[in-house]
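J.: One structure coming up, written as structure tokens, with questions to follow.
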Amino acid sequence: MKNGGVYLDAVYLYADMADSTGMARRFTSPTAAKIVRAYLASATRVLRDRDGEIRSFDGDRVMAIFVGSDAATRAVRAALELNWVVNNVVRDALNLWLDEYYESDWVLGHRCGIDIGTALIVRAGVRNSNDLVSIGDAPNIAAKLSELSGATTFITDRVWDAASYAACFTDHKPMWTDAVWTDLGGGRLEKVRSSSWVWTVN
């Protein structure tokens, strides 16, 4: 608690369910809870399957940390796999098991934001009630990226540079847009790429 922290080179990924306000307006609390649980359970399984370390939940959002030489590639693949899972598994399950969801015009959507960098990891709180906290640009930028709209996955150009060819191209065609300078708030400008591609989960 009081002995400093550790600097960590890592990739941060935030997966955020979209339009939770609209969901809360349309559904009863038990149905909304089942939708959130279905999304978070699916996201957690996909992120852990790519060796992402789940570090926090915040409402309908989950944050994972990826470390290692191929961290950017695994994070990008996890995001694209989660997009496939939401489109082809979670929505079908909700339609099958929740009449209230099936009969509504609200469709489950989500967004992922990914950035890479060095963060200071510290333990914060008090004895018996504390957790690890990441301090740095990468976790903050990843969180901001997950709030953007127009696609399902957003990455900084740093992630693009660090990821493998297979995570950026398919059949020699880019899965990502060209980098665009994007205002993330507070005067912070970042070169951002976006994608709505999916990576099929077998």
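The values are calculated or read from the model by the stated rules, or taken from the named source; none is laboratory data. If you're wondering where the values come from, they're calculated on a predicted model, not measured in any experiment. Please note: Cβ atoms are built from the backbone with ideal geometry, for glycine as well, and neighbour counts cover all protein chains shown. To get the accessible areas, we keep the full protein, side chains included, count just its heavy atoms, and leave off ligands, DNA and RNA. Shrake-Rupley method; radii C 1.70, N 1.55, O 1.52, S 1.80 Å.
J.: Ignoring ligands, DNA and RNA, please state the percent of accessible area on the stretch 1-83 from carbon and sulfur, probe 1.4 Å. Don't skip to the answer; put the middle values down first.
T.: On the way: 1930 of 4140 Å².
C and S fraction of accessible area: 47 percent.
J.: I want to check the label-to-label distance for S29 and L8. Put each point 7 Å from Cα in the C-beta direction and report it in nm to one decimal.
T.: So the label points at S29 and L8 sit 3.5 nm apart.
J.: What translational D, rounded to a whole number of µm²/s, comes out for the chain from Stokes-Einstein when the hydrodynamic radius is the Kirkwood one over Cα pairs, at 10 °C and 1.306 mPa s?
T.: 90
J.: Would you mind working out the accessible area per residue for the chain, using a 1.4 Å probe, and quoting it in Å²?
T.: Value for the chain: 54 Å² per residue.
J.: Which residue, F27, N87, G113, has the largest displacement toward the positive end of the dipole of the stretch 19-121 when charges sit on each Cβ (Lys, Arg +1; Asp, Glu -1)?
T.: Final value for the positive-end residue is G113.
J.: For the stretch 45-202, what relative contact order do you get, as a whole percent, if you take Cα pairs closer than 8 Å and at least 6 residues apart?
T.: Relative CO of the stretch 45-202 lands at 23 percent.
J.: Taking square-rooted eigenvalues a ≥ b ≥ c of the alpha carbon gyration tensor, is the stretch 1-96 rounded, prolate or oblate, where a/c under 1.5 means rounded and, failing that, a/b exceeding b/c means prolate?
T.: Because a/c hits 1.5 or more and a/b fails to exceed b/c, the stretch 1-96 counts as oblate.
J.: May I ask for the longest run of the chain untouched by trypsin sites (Lys or Arg not before Pro) that are loop-located per DSSP and have at most 15 neighbouring C-beta atoms (other than their own) within 10 Å?
T.: The answer is 3-126.
J.: Let me ask something else about it. Helix-derived [θ] at 222 nm for the chain: sum -39500 (n - 2.57) over DSSP H runs of at least 4, divide by residue count, nearest 500?
T.: Value at 222 nm, helices only, nearest 500: -10000 deg cm²/dmol.
J.: Within the accessible area of the stretch 137-180, what % is carbon and sulfur when the probe is 1.4 Å and the other protein chains stay in place?
T.: Numbers: 1110 of 2170 Å².
So the carbon and sulfur contribution to the accessible surface is 51 percent.
J.: From the backbone phi of the stretch 45-57, what are the Karplus-calculated ³J(HN,Hα) couplings (6.51 cos²θ - 1.76 cosθ + 1.60, θ = phi - 60°) in whole Hz, Gly and Pro given as x?
T.: Going residue by residue, I get 5, 5, 5, 5, 5, 9, 6, x, 9, 6, 10, 6, 10 Hz, with x marking Gly and Pro.
J.: Sum up the charges of everything whose Cβ sits under 12 Å from the Cβ of F57, counting Lys and Arg as +1 and Asp and Glu as -1, but leave F57 out.
T.: Result for the local shell: -1.
J.: A further question follows. Using unit Cβ charges (K, R positive; D, E negative) and no other charged atoms, how large, in debye to the nearest 20, is the dipole of the chain about its Cα centre?
T.: Roughly 500 debye for the chain.
J.: Quick one: which residues, 5 or more positions from A179 or on another chain, have an amide H under 5 Å from its amide H? H modelled 1.01 Å from N in the peptide plane, none for Pro or chain starts.
T.: none
J.: May I ask you to compute the full-extension gain from S164 to N202, defined as 0.36 nm times their residue separation minus their alpha-carbon distance, rounded to one decimal in nm?
T.: Gain on extension, S164 to N202, equals 11.6 nm.
J.: Can you list the HN-Hα couplings for the stretch 85-96, worked out from phi with the Karplus curve (6.51, -1.76, 1.60; θ = phi - 60°), rounded to whole Hz and with x for Gly and Pro?
T.: Taking θ as phi minus 60°, the curve returns 4, 4, 6, 10, 10, 5, 4, 4, 5, 5, 4, 6 Hz for the stretch 85-96.
J.: Please give the Cα centre distance for the stretch 90-119 versus the stretch 153-181, rounded to the nearest Å.
T.: 23
J.: Something else about it: What is the spin-label model distance, in nm, from K191 to I135 if the labels are put 7 Å beyond Cα along the C-beta direction?
T.: With each label point 7 Å from Cα toward Cβ, the separation is 3.0 nm.
J.: When Rg is the radius of gyration of the Cα atoms in the stretch 69-163 and Rh is its Kirkwood radius, what does Rg/Rh come to?
T.: Rounded to two decimals, Rg over Rh is 1.10.
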